[in-house]
Amino acid sequence: MTNSYSATVVPGSSLTPTGAGVTDFQMAGNKTDACAHKVATCYGYELAEGTATSTNIGAQSLHLYNAMRVTFTFRDNITFTDNVPMTAYDYNFSLYAWNVALEPTAPDLYSPDICALCGPTGLIATQVTAPTAGNGGSITMYLNSSSYWNLAASAVGVFPEHVFQNFFVDQISTASGPMDTSLPYSQAYKTCPATCTTGATIPEWLLTLPNLEQGTGPFWLQTYCGSGSCLGSGDLAANINYQRTAWEVNATYYSFPVATSSIPFGATSDSPSTIRLMPVQEYIYCDPSVKASLCGSVSHGSKGWLPIPGANMTGTTVQVYSSTGTPEAGVTVTGLTCTTGGQCSGTLTGVSALSAGSYEVVFSTTYTSFGLARTWYQFTGFSLH
């Protein structure tokens, strides 16, 4: 339960990406601006899931010589701050988003990392494996040489595909300025240097994001001032869903004798006898176009917390892991309930079978909010002495 992904690097003299999920990045770099937001929408470079044909690739062969293959396999409990899981598909999209390559006269000449991986060196193709139980999928990047420098070229910041597929990514930041992603969608798109939206129907969930800064790190952008005397200031809030939340600290606080048979969880305040859980909720912006009744206590034009009722949750689980990440299958949950305010509680049983040490507790549930499927993770822990 440590790293967010595992990586392997395979140098080779002849590598051929075949099968499902192949995206040809070298060819994808030469297209019109109308297709700049997503490769597969305008071109057939991304093969359909479950097929192994290469007819969509065109005349170019994907047989690489003196190549290198880099594979990232993602863990299954990483989410963006809007509680949408991050997978290998987001990384594949991000490789493209950072490296849009059009003709020199196109506006995206000023994209953040223009064509860093295209051309005679760097990224040639990728192949994505769909997420499965236990991992968030994997992405294999095929580089056109075994050069050490290509390793650095395969690392990019991750864009949430579900958010930015609604934009022409090469228009988010140009020579005339950047889009202000610290704003909700209905305000942010107006700051685009040019027309940056795809023109598709805007989903309701996108309108309710408090801002477009949806990351996966330990903090998230709660407020930001973009003008006036407070320009550049804001508030970063702790991300309680972060996959590396300091569960070891909680394990020190929730400490029980090794003979303990059961441990309750779901306290709403700090108590050493019951493991505390935060209510399942999301921070939203109640766009004026959204029905007020859907925003709970958050008024139109405001931001605030929206609880997720227990009746809307599915697949709720509580899993205990050893300090080395091994599931403790003998520990089960009884009496699991979740209130209309999103507060869940229950009891961990079978604890007496565990030896002394520290244990991680992972609470998770899935739900749909404003039409978007989401997954909530919370990480805590306890120790036996």
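The values are calculated or read from the model by the stated rules, or taken from the named source; none is laboratory data. Everything numeric in this text was worked out from a predicted model, so none of it was measured. Quick reminder, even Gly has a Cβ in these numbers, built from the backbone with ideal geometry, and neighbours come from all protein chains shown.
Points worth noting:
- Index of the failed condition, P288 passing every other in (1) within 25 Å of the chain's Cα centre (by Cα); (2) in a loop (DSSP other than H, G, I, E, B): (1)
- Selection within the stretch 335-371: residues that are within 25 Å of the chain's Cα centre (by Cα) and among the aliphatic types (A, V, I, L, M). The member of this set that is nearest to G381 (Cα to Cα) is V361.
- Failed criterion for P210 (all others in (1) surrounded by fewer than 16 Cβ atoms within 10 Å (Cβ to Cβ); (2) closer than 25 Å to F80 by Cα hold): (1)
Okay, residues lined up against (1) under 14 Å from T365 (Cα atoms); (2) outside the structural domain of C338 (by TED's automatic domain parsing); (3) among the acidic types (D, E); (4) at pLDDT below 95:
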{"residue": "Y253", "(1), (2), (3), (4)": "no, no, no, yes"}
{"residue": "A259", "(1), (2), (3), (4)": "no, no, no, yes"}
{"residue": "P264", "(1), (2), (3), (4)": "no, no, no, no"}
{"residue": "S269", "(1), (2), (3), (4)": "no, no, no, yes"}
{"residue": "S289", "(1), (2), (3), (4)": "no, yes, no, yes"}
{"residue": "S299", "(1), (2), (3), (4)": "no, yes, no, no"}
{"residue": "A311", "(1), (2), (3), (4)": "yes, no, no, no"}
{"residue": "T316", "(1), (2), (3), (4)": "yes, no, no, no"}
{"residue": "S322", "(1), (2), (3), (4)": "no, no, no, yes"}
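- Near pairs, Cβ below 7 angstrom, 6+ apart or cross-chain, from the stretch 274-287 (in contact (Cβ under 8 Å) with a residue 40 or more places away in the chain) to any residue that is assigned to a loop (DSSP other than H, G, I, E, B) and among the acidic types (D, E): R276/D270; E282/D82
- Residues of the stretch 319-338 satisfying the condition of being in contact with a Ser or Thr (Cβ under 8 Å, 6 or more places away or on another chain) and outside any strand (DSSP E or B): S323, G325, E328, V331
- Hits in the stretch 173-207 - residues which are exposed (fewer than 15 other Cβ atoms within 10 Å of the Cβ) and in contact with a Cys (Cβ under 6 Å, 6 or more places away or on another chain): none
- The residues listed here are E248, E282; of these, the one that is within 25 Å of S352 (Cα to Cα) and acidic (D, E) is E248.
- Residue match in the stretch 318-325 (condition: under 20 Å from I263 (Cβ atoms) and among the hydrophobic types (A, V, I, L, M, F, W, C)): yes
- V163 vs. criteria at pLDDT 85 or above, touching a helix residue (DSSP H, G or I) at 6+ places or on another chain (Cβ under 9 Å), surrounded by 20 or more Cβ atoms within 10 Å (Cβ to Cβ) and not charged (D, E, K, R): yes
- Residues in the stretch 316-325 that are loosely packed, with under 15 Cβ neighbours inside 10 Å and either closer than 15 Å to G266 by Cα or touching a helix residue (DSSP H, G or I) at 6+ places or on another chain (Cβ under 9 Å) (or both): T317 only.
- If the condition is being surrounded by fewer than 16 Cβ atoms within 10 Å (Cβ to Cβ) and in a strand (DSSP E or B), then the stretch 350-363 contributes only G357.
- Only one entry in P203, P178, P184, P210 is modelled with pLDDT under 85 and within 30 Å of A237 (Cα to Cα), namely P178.
- Test: residue in the stretch 277-293 that is over 25 Å from E204 (Cα atoms) and either surrounded by fewer than 12 Cβ atoms within 10 Å (Cβ to Cβ) or out of contact with any helix residue (DSSP H, G or I) (no Cβ under 8 Å at 6 or more places or on another chain) (or both): yes
- Test for E328: is it buried (at least 20 other Cβ atoms within 10 Å of the Cβ) and among the acidic types (D, E): no
- In the stretch 162-271, counting only helices (runs of 4 or more DSSP H) that sit wholly within it, the ones holding 1 or more residues that are touching an Asp or Glu at 6+ places or on another chain (Cβ under 8 Å) and without any contact (Cβ under 8 Å) to a residue 12 or more places away in the chain span 185-188.
- Against the test of being among the hydrophobic types (A, V, I, L, M, F, W, C), in contact with a helix residue (DSSP H, G or I) (Cβ under 9 Å, 6 or more places away or on another chain) and outside the structural domain of S345 (by TED's automatic domain parsing), the options C230, C225, C192 yield a single qualifying residue, C192.
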